[in-house]
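Working notes for the structure below.
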Amino acid sequence: MSAERPIYVTQPELPPLEEFLPYLKEIWDSKVLTNGGPFHKRLEAELAEYLGVRHISLFCNATIALVTGLQSQRITGEVITTPYSFVATAHSLRWNGITPVFADIDPETLNLDPSRIEAAITPQTTAIMPVHCYGRPCDVEAIQRIADDYNLKVIYDAAHAFGVQRRVDDQWHSVLEAGDLSVLSFHATKVFNTFEGGAIISPDAKTKQRIDHLKNFGFVNETTVVATGINGKMSEFNAALGLLQLQHVKGAIERRARIDARYREALADLPGLRLLAPAPDATPNHSYFPVLVEANFPVSRDDLYQLLRQRNVLTRRYFYPLISDFPMYRGLPSATEANLPVARHAAEQVLCLPIYPSMTDDEQQRVIDVVREAGCSRLPERLETVFTEPPLPVVSELCRPQAA
Ligand code: T4K
């Protein structure tokens, strides 16, 4: 293992501690810690404005928000979803007693392929749960057309899609407005974090009210409980942090954009390394930097992953294994290999390179050097040296990107 400092796939963005202390003082003075206090109210209002949405309900995390969102829409039976996501997507269905039905993904976008949805619909289907994977918008129009034709709800797992906008008829709209509900994650690893946290974006005040009841045990007042709700509330600590994070998030996304651009410039010429093309007509948030290690890359995806680990670059294979391969899902009829060839292929090729605002240029260069070194290894005997200690031969000038 390398003696160099570890570079993680992500590192949470945090504001200067001294900026947070006055918020803590206010909490300490008021002794209002949770249950919809002043910071909670302010964060809902300020986030709605920042994101360009009207109704937002804060949650303790996105998983509980997904579970609650499904419950609020009274979704039952079967829901069509993607196997290429974090396991919480399908778990939220199971927590509602719903059967996930996996449909394959699009090879270009890695999002649920609308052309695969119709064949998965049965009389038990009540909804579609797509994921804006890596923050890249799904084909929301095509999905909505199918939902309308079959009278299905659409619940978006938008955990990755903070701040992402789409251009519709020359106007920019939040991607979170699509469908019946969208769910965001504010986990430590996300573009906007409140340590842990999440939110549901609702289309109208009535839906938000129902969700607000459901996340507070079903209470509507001191003595009335109208539903089997849960405790999904965000605390004042997390909400206060969110307010402060919001002041810094624009700069954080801009820094991510520069890291993204530099990876593209440095890695575009490597045969066998596919970079996902930016989505047309969308403002990305650069939450992840996935690459697909194809068959003609000199080393396999897993060898590249190990090679990076040897150099203390701790990438992740989001999303491998597929959700449909986990033991609680693999027995489902929709989980078969034959049903999900594109998702399986992507899961075997994907590697998410480190991207986070505080990543330095030197750290990024370390990542680029290892990937280029692997990508430029042409001779079989060289491949063997790649995995021996002491560390690899110096990257040849030939393999260096033209511009850093
Ligand atoms: N839907 C989708 C599509 C999702 O991707 C997620 C979560 C959800 C729903 C559910 O959202 P939440 O209920 O979590 O709000 C991470 C996150 O835990 C998870 O939130 C996220 N998706 C998923 C894609 O990634 P792991 O198991 O990879 O996390 P972990 O702890 O290995 O962290 C990755 C790296 O981040 C570490 O190597 C170092 C760094 N890190 C992480 C944490 C937690 C830090 O530097 N500090 C930290 O506090 O799942």
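Worth a mention:
- Note on segment 210-244: residues that are under 23 Å from residue 21 (Cβ atoms) and open to solvent by 10 Å² or more (accessible area, probe 1.4 Å) total 3.
- Qualifying residue in segment 143-150 (condition: touching a helix residue (DSSP H, G or I) at 6+ places or on another chain (Cβ under 6 Å), farther than 19 Å from residue 201 by Cβ, of a type in the set (D, E, K, R) and not in a strand (DSSP E or B)): no
- When residues in segment 86-102 are screened for being surrounded by 24 or more Cβ atoms within 10 Å (Cβ to Cβ) and more than 14 Å from the ligand (Cβ to nearest atom), 2 of them pass.
- Of all residues in segment 104-122, one or more are more than 12 Å from residue 150 (Cα to Cα), of a type in the set (S, T, N, Q) and surrounded by fewer than 17 Cβ atoms within 10 Å (Cβ to Cβ).
- Residues of segment 153-179 that turn out to be away from the ligand (no atom under 11 Å from the Cβ) and closer than 22 Å to residue 80 by Cα, as a count: 8
- Number of residues in segment 6-31 that are open to solvent by 80 Å² or more (accessible area, probe 1.4 Å), touching a residue at least 40 places away in the same chain (Cβ under 8 Å) and more than 26 Å from the chain's Cα centre (by Cα): the value is 1.
- Of all residues in segment 163-177, those that are touching a residue at least 12 places away in the same chain (Cβ under 8 Å) have Cβ atoms under 6 Å from Cβ atoms of residues that are hydrophobic (A, V, I, L, M, F, W, C) and assigned to a loop (DSSP other than H, G, I, E, B), 6 or more apart or on another chain, in 174/53; 175/161; 175/164; 176/53; 176/158.
- The set of residues in segment 319-329 being surrounded by fewer than 19 Cβ atoms within 10 Å (Cβ to Cβ), out of contact with any Lys or Arg (no Cβ under 9 Å at 6 or more places or on another chain) and either within 29 Å of residue 353 (Cβ to Cβ) or small (Gly, Ala, Ser) (or both) consists of 321, 326.
- Apart from one condition, residue 311 fits all of (1) open to solvent by 30 Å² or more (accessible area, probe 1.4 Å); (2) over 16 Å from residue 351 (Cβ atoms); the exception is (2).
- For segment 352-385, the candidate set comprises residues that are aliphatic (A, V, I, L, M) and more than 27 Å from residue 191 (Cα to Cα); within that set, the residue that is modelled with the highest pLDDT is 374.
Each row is one residue, and each column tells you yes or no for (1) touching a helix residue (DSSP H, G or I) at 6+ places or on another chain (Cβ under 6 Å); (2) free of Cβ contacts under 8 Å to residues at least 24 places away in the same chain; (3) surrounded by fewer than 19 Cβ atoms within 10 Å (Cβ to Cβ); (4) not hydroxyl-bearing (Ser, Thr, Tyr).
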residue: 281; (1), (2), (3), (4): no, no, yes, yes
residue: 295; (1), (2), (3), (4): no, yes, yes, yes
residue: 304; (1), (2), (3), (4): yes, no, no, yes
residue: 342; (1), (2), (3), (4): no, no, yes, yes
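- Tally of residues being in a loop (DSSP other than H, G, I, E, B) and either touching a Ser or Thr at 6+ places or on another chain (Cβ under 7 Å) or of a type in the set (Lys, Arg) (or both) across segment 165-222: 6
- The set of residues from segment 4-49 being of a type in the set (Asp, Glu) and touching a strand residue (DSSP E or B) at 6+ places or on another chain (Cβ under 7 Å) comprises just one member, 44.
- Residue in segment 87-98 that is of a type in the set (D, E, K, R) and assigned to a helix (DSSP H, G or I) present: yes
- Of all residues in segment 332-350, those that are farther than 13 Å from residue 94 by Cβ and outside any helix (DSSP H, G or I) total 3.
- Test: residue in segment 180-188 that is within 15 Å of the ligand (Cβ to nearest atom), surrounded by fewer than 23 Cβ atoms within 10 Å (Cβ to Cβ) and within 11 Å of the chain's Cα centre (by Cα): yes
- Failed item, numbered, when residue 83 is tested on (1) open to solvent by 30 Å² or more (accessible area, probe 1.4 Å); (2) more than 30 Å from residue 213 (Cα to Cα); (3) assigned to a loop (DSSP other than H, G, I, E, B): (1)
- Residue match in segment 73-80 (condition: away from the ligand (no atom under 14 Å from the Cβ) and within 23 Å of residue 289 (Cα to Cα)): no
- Residues located in segment 189-208, provided they are within 14 Å of the ligand (Cβ to nearest atom) and open to solvent by 40 Å² or more (accessible area, probe 1.4 Å): 189, 195, 196
- Residue in segment 255-270 that is surrounded by 22 or more Cβ atoms within 10 Å (Cβ to Cβ) and among the small types (Gly, Ala, Ser) present: no
- Residue that is farthest from residue 127 (Cα to Cα) [pool: residues in segment 61-80 that are assigned to a helix (DSSP H, G or I) and of a type in the set (S, T, N, Q)]: 63
The values are calculated or read from the model by the stated rules, or taken from the named source; none is laboratory data. What you see is a predicted model, and the numbers here were worked out from it, not measured in a lab. All Cβ positions, glycine included, derive from the backbone under ideal geometry; neighbour counts span all protein chains shown. The area values use the complete protein model at the heavy-atom level, side chains included, leaving out ligands, DNA and RNA. Shrake-Rupley method; radii C 1.70, N 1.55, O 1.52, S 1.80 Å.
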